[in-house]
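Colleague: Supplied in structure tokens, the structure appears directly below.
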Amino acid sequence: MAVPFLGPAGSGKTSLAGSFGEFLTEKNYNVKIFNLDAGAEYLPYTPDFDIRDFFNVYDIMRTEHIGPNASIIRASQKIYEMSEQILEQMKKSLADFILIDFPGQLEVFAFKPTGSLFMEKLQRNMRVCGVFLLGADTSPTVSGFVVALLMSMAVQIQLGVSLITVLHKSDMLKSKEFLGMLNNPALLRKKIADTKQGGVINDLALDSLKIINKVRPAVRVIATSIINREGYEDLFDLLHEIFCSCGDNL
Ligand SMILES: Nc1nc2c(ncn2[C@@H]2O[C@H](COP(=O)(O)OP(=O)(O)OP(=O)(O)O)[C@@H](O)[C@H]2O)c(=O)[nH]1
Ligand SMILES: [Mg+2]
């Protein structure tokens, strides 16, 4: 099973991939981590496949005389060009779980054709369920949380892949009350209606929530943290459920 870690810049993809990988290894699963972030400087885990062995965004800037954003776009094209080779390595690894650390520039990967083409290829070859991280430090308000949910929905539609949404860095949440709202649409609606930020914004957030609930009625958000490993068992159970629902066993 391939588990891409996706989410906005700095949301904790690399950290969670490394830490959740350790957790799965302790459960005696064969886990491999593929780093596809050609701009990464430091990784807290030892990758089993590292795109930086082939190219990195700094070299692309130098050799192609382009700026940092163009270089990141170019890197995502190069990942797609290498997709057969990457898939070959994945299949050869015979891993139970292949955790994929994706670049943080979500708009480049998810909203350019190469991102969805890569995911399509991946899904043709193996079972894929992504983890989409919302940073608890970046979406601490209820309307911010709704916006983040919309983003995860947009990425799911764009990449055509199942996603589990996690509210990561849960240790940084000031109020645990927030966690109670995650999977309680009625409470979330009430909180939005009660906020003082103004009628139009509140109405917009409430309408957005209706769309989210309609499109993803069974959305279940898990709170995770690398500090205390909160949510790891839940994340594992959900991956297991999704994996087994397609007829295989771990
Ligand atoms: N408190 C806390 N900090 C975390 C957690 N997970 C990650 N971080 C911190 O968040 C920062 C960003 O983490 P990364 O894992 O590099 O995030 P990323 O999404 O891979 O970043 P990019 O690849 O650059 O987009 C680092 O300082 C991490 O130590 C967590 O669960 N709790
Ligand atoms: Mg990263």
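The values are calculated or read from the model by the stated rules, or taken from the named source; none is laboratory data. For clarity, every value in this text was computed on a predicted model and none was experimentally measured. Cβ coordinates were reconstructed from backbone atoms using ideal geometry, including for glycine residues, and neighbour counts include every protein chain displayed.
Colleague: Here are some residues: A70, A75. Which one is in a helix (DSSP H, G or I) and within 30 Å of S225 (Cα to Cα)?
Modeller: Result of the check over A70, A75: A75.
Colleague: How many of the residues making up region 44-60 are part of a helix (DSSP H, G or I) and surrounded by fewer than 18 Cβ atoms within 10 Å (Cβ to Cβ)?
Modeller: Final tally of qualifying residues: 3.
Colleague: So which residues in region 119-140 are touching a residue at least 40 places away in the same chain (Cβ under 8 Å) and in a helix (DSSP H, G or I), if there are any at all?
Modeller: Hits for region 119-140 are M119, E120, L122.
Colleague: Let me spell it out: the conditions are (1) surrounded by fewer than 20 Cβ atoms within 10 Å (Cβ to Cβ); (2) without any contact (Cβ under 8 Å) to a residue 60 or more places away in the chain; (3) over 23 Å from P44 (Cβ atoms), and L173 meets all of them except one. Which number is the exception?
Modeller: In the conditions (1) surrounded by fewer than 20 Cβ atoms within 10 Å (Cβ to Cβ); (2) without any contact (Cβ under 8 Å) to a residue 60 or more places away in the chain; (3) over 23 Å from P44 (Cβ atoms), L173 misses (3) alone.
Colleague: Return yes when K91 is of a type in the set (K, R) and touching a residue at least 40 places away in the same chain (Cβ under 8 Å) and no when it is not.
Modeller: no
Colleague: Which pairs do you get when a residue that is closer than 12 Å to D101 by Cα and part of a strand (DSSP E or B), found in region 1-27, comes within reach of a residue that is more than 10 Å from ligand 2 (Cβ to nearest atom) and among the charged types (D, E, K, R), reach meaning Cβ atoms under 9 angstrom, with the pair 6+ apart or on two chains?
Modeller: Cβ pairs passing all conditions: A2/R127.
Colleague: Can you name every residue in region 93-112 that is modelled with pLDDT under 85 and not in a loop (DSSP other than H, G, I, E, B)?
Modeller: Across region 93-112, the qualifying residues are L106, E107, V108, F109, A110.
Colleague: Now for a separate question. Of all residues in region 64-105, count the ones that are within 16 Å of ligand 2 (Cβ to nearest atom) and under 15 Å from N35 (Cα atoms).
Modeller: Residues in region 64-105 being within 16 Å of ligand 2 (Cβ to nearest atom) and under 15 Å from N35 (Cα atoms): 11 in total.
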